[in-house]
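To keep things clear, I will list the structure first and then write my remarks on it.
The values are calculated or read from the model by the stated rules, or taken from the named source; none is laboratory data. Remember, predicted model here, so these are calculated numbers, not experimental data. A quick note on method: Cβ atoms are made from the backbone with ideal geometry, for glycine too, and the neighbour counts reach across all protein chains shown. Surface accessibility is based on the protein's heavy atoms, side chains included, excluding ligands, DNA and RNA. Shrake-Rupley method; radii C 1.70, N 1.55, O 1.52, S 1.80 Å.
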Amino acid sequence: MKQTHLIGLTTAELSDFVASLGQPAYRARQIFAGIHGRRLRSFDEMTDLPKELRQQLANQATISSLRLESRYISSDGTRRYLFKTYDDYPVETVFIPEERRDTICFSSQSGCPLQCTFCLTAQLGLLRNLTAGEIVEQIIFALNDAYSVGVATPRGTNLVGMGAGEPFLNFDHLMKAIGIMNDAAGLHIVPNRITISTAGIVPSIRELAATPNRPHLAISLAAPNDKLRNDLMPINKKWPIQELLAACKEFEKSLRGNERFTFEYVMLRGVNDSDSHARELANLLNQHDLRAKVNLIPHNPAEPLPYQPSAPERVEAFREILESKGIHAFIRRPRGRDILAACGQLAARSASGEPPLSIDRSRGLRAG
Ligand code: SF4
C-alpha cells in the first residue's frame, strides 16, 4: 500500500509521521483521538484539524484499508463481516452482542498455515499475516457498524483472537495492535478484556507469559491424547500434548488473581466426545494440576468438513464427567450458527465460491 495506514501507528509513530509533514506534535494526539477515540473513518470528519492538513493527510495517508465484501446478521444479533485487504485477501470478523458486553472475534491472519481438520480456514492455507492496522480496523469497523461512527459504546467490549489464523504466528503485529487498542485516548480496550487463542505454539506461550500487561490465553486442545490430536491438529506433531501442557504449567506462574486459562475443546460427534475421552481429558489436566477451565464448543458443521456436532446431551454428559473430576467446564452457546460465525467459516466459504446465506450490504455501512 502506497499510503501510510494510520490506524496501525502507535502514538509515537504517529508523532513522527506528523513531524514529517512539518506539523506540531499535538496534531498527532488529535489525529489518534479522531481515529481511535471517535472512530472517524475519513479525514474530512476531523473538523478540529485545519483544512490544509486534512488535505495533506488525504494525499499521503489513509485511515482505513479494509473493504467490506459482505455482512451477515444472524437472528440472534451476531454480525459477521467478510472484508478484503487492499491486496485482495479475505479477512473475517464476528461481532457478538450480549446483555452485559459485546465480544468481537477478530482474525490475525488471512487464511491459516495450520491444518486443523475441523476448520474451513485451514483449506485456504496461509495467505498472509495481517498488519497491526488491519487487526485494529476490524474492531473499529464492527463498533461503528453496531453503534455508528463516534457514538460511545453502551457496554464494555471484549476481544477474542479466535478468527482466522494462528495469532502466535503473527505475534509482533498482534501485540502492537493490542498496545494501540489499550491507549486511553483511543479504544481503551485493556489487555485484561482480550483473550488470544492458540493451537499450541509452545515458544509463544512462554513469550506471552513474560509479556507485561498481557492478554488472557486460551488453547485449542480438541483431543485428550496425541494420537487423536495429531489427526485433528497436526501442529501437535511439532509440539505434542505433554510439551504443550508443560508450557501451560509455566504460563500458570503469570496468572493474576482469579485468572484461569482456558482450554477450548471442539465437540465432534463420534470422534472426541465419548465418556472415555472426557475421563482422559480430566485425568490429563489433573495430572498437570492446571488452574484452567474447559470450554466445550459445539462444532459448526460445514461442507466439505467431515464432522458433525455432538448432540447436546452428549456435550452435557461430557461436561458432567469433567466437573465430577474437579475440572471447571462450560458449554459455549453457539452464536450466529445460522450465518456460520465460527472460526474460518466465512472466508473459506467465500473463497470456494459458495453463495453467502443472507447478504445485506444496504444498511448504511461505511465500508473502507
Ligand atoms: S482452527 Fe485456527 S489454528 Fe487451526 S487451521 Fe483453523 S484458523 Fe488455523
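Considering the stretch 34-99, what Rg and Dmax in Å follow from its alpha-carbon atoms?
In Å, with Rg to one decimal and Dmax whole: 15.6, 46.
Rounded to the nearest 5, what % of DSSP beta bridges with both residues in the chain are antiparallel?
Given both bridge residues lie in the chain, the antiparallel proportion sits at roughly 40 percent.
Over the chain, give the accessible area per residue in Å² for a 1.4 Å probe, as an integer.
In whole numbers, the chain has 42 Å² accessible per residue.
What's the angle, to the nearest 10 degrees (0 to 90), between helix 312-324's Cα axis and the longest principal axis of the chain?
Approximately 80 degrees, to the nearest ten.
Expressed in nm to one decimal, what extension gain is obtained for the pair Glu323 and Tyr26 from 0.36 nm per residue of sequence separation less their Cα-Cα distance?
Taking Glu323 through Tyr26 to full extension adds about 101.4 nm, to one decimal.
Leaving ligands, DNA and RNA out of it, report the carbon-plus-sulfur percent of the accessible area of the stretch 40-175 at a 1.4 Å probe.
Reported share for carbon and sulfur atoms: 47 percent.
Please identify the GluC sites (Glu not before Pro) of the stretch 25-122 that satisfy two criteria: DSSP loop assignment and at most 11 other Cβ atoms within 10 Å. Which are they?
Within the stretch 25-122, the qualifying GluC sites (Glu not before Pro) (loop, at most 11 other Cβ atoms within 10 Å) are Glu99.
Based on the inverse mean of 1/r over its pairs of different Cα atoms, what is the Kirkwood hydrodynamic radius of the stretch 1-159, in Å?
Kirkwood hydrodynamic radius for the stretch 1-159: 16.9 Å.
Once you've got the GNM for the chain with C-alpha springs shorter than 10 Å, pick whichever of Gln138, Gln109, Gln287 has the biggest mean-square fluctuation.
Top of the fluctuation ranking is Gln287.
Mean 1/r over all different Cα pairs, inverted: what Kirkwood radius does the stretch 83-205 give, in Å?
For the stretch 83-205, the Kirkwood estimate is 14.8 Å.
Can you give me the solvent accessible area of Arg41 with a 1.4 Å probe, rounded to the nearest 10 Å²?
Its accessible surface works out to 20 Å², give or take rounding.
Note the direction-averaged projected area, equal to a quarter of the hull surface, for the Cα convex hull of the stretch 203-253, in nm².
3.5
What is the angle, in °, between the Cα long axis of helix 51-60 and the longest principal axis of the Cα atoms in the chain? Nearest 10 is fine, range 0 to 90.
Tilt of helix 51-60: around 50 degrees.
Pop a pseudo-label 7 angstrom from the Cα along the beta-carbon direction at both Glu99 and Ala184 and give the gap in nm to one decimal.
The answer from the label model is 3.2 nm.
How compact and how long is the chain, expressed as Rg and Dmax of its alpha-carbon atoms in Å?
Answer for the chain, Rg first and Dmax second: 21.0, 69 Å.
In vacuo Debye scattering of the stretch 156-257, one point per C-alpha: log10 I(q)/I(0) at q = 0.15, 0.24 Å⁻¹?
Result of the Debye calculation: -0.63, -1.33.
For the stretch 241-325, give the percent of accessible area contributed by carbon and sulfur heavy atoms, probe 1.4 Å, rounded to a whole number.
Reported share for carbon and sulfur atoms: 47 percent.
Which whole-number value in Å³ per residue fits the convex hull of the alpha carbons of the stretch 194-301?
Cα convex hull per residue, to the nearest whole number: 100 Å³.
Given a 10 angstrom Cα cut-off, can you work out which residue in Ile196, Ile331, Ile35 is the most mobile in a GNM of the chain?
Highest fluctuation of the listed residues: Ile331.
May I ask you to derive the FRET efficiency for Lys227 and Asp76 from their Cβ-Cβ distance with R0 = 30 Å, giving the value to the nearest 0.05?
On the way: r = 37 Å, r/R0 = 1.23.
With a Förster radius of 30 Å, E is 0.25.
Would you mind calculating the relative contact order of the chain from Cα pairs under 8 angstrom and at least 6 residues apart, reporting the percent as a whole number?
RCO, the chain: 17 percent.
When the chain is treated as a GNM, springs tying every alpha-carbon pair under 10 Å, which of Ser324, Ser197, Ser254 comes out with the largest mean-square fluctuation?
Highest fluctuation among the options: Ser324.
On C-alpha positions alone, give me the angle between the axis of helix 132-147 and the longest principal axis of the chain, in degrees, nearest 10.
90
Using only the alpha-carbon atoms, what does the stretch 72-130 span along each of its principal axes? Please give whole angstrom values in decreasing order.
35, 29, 18
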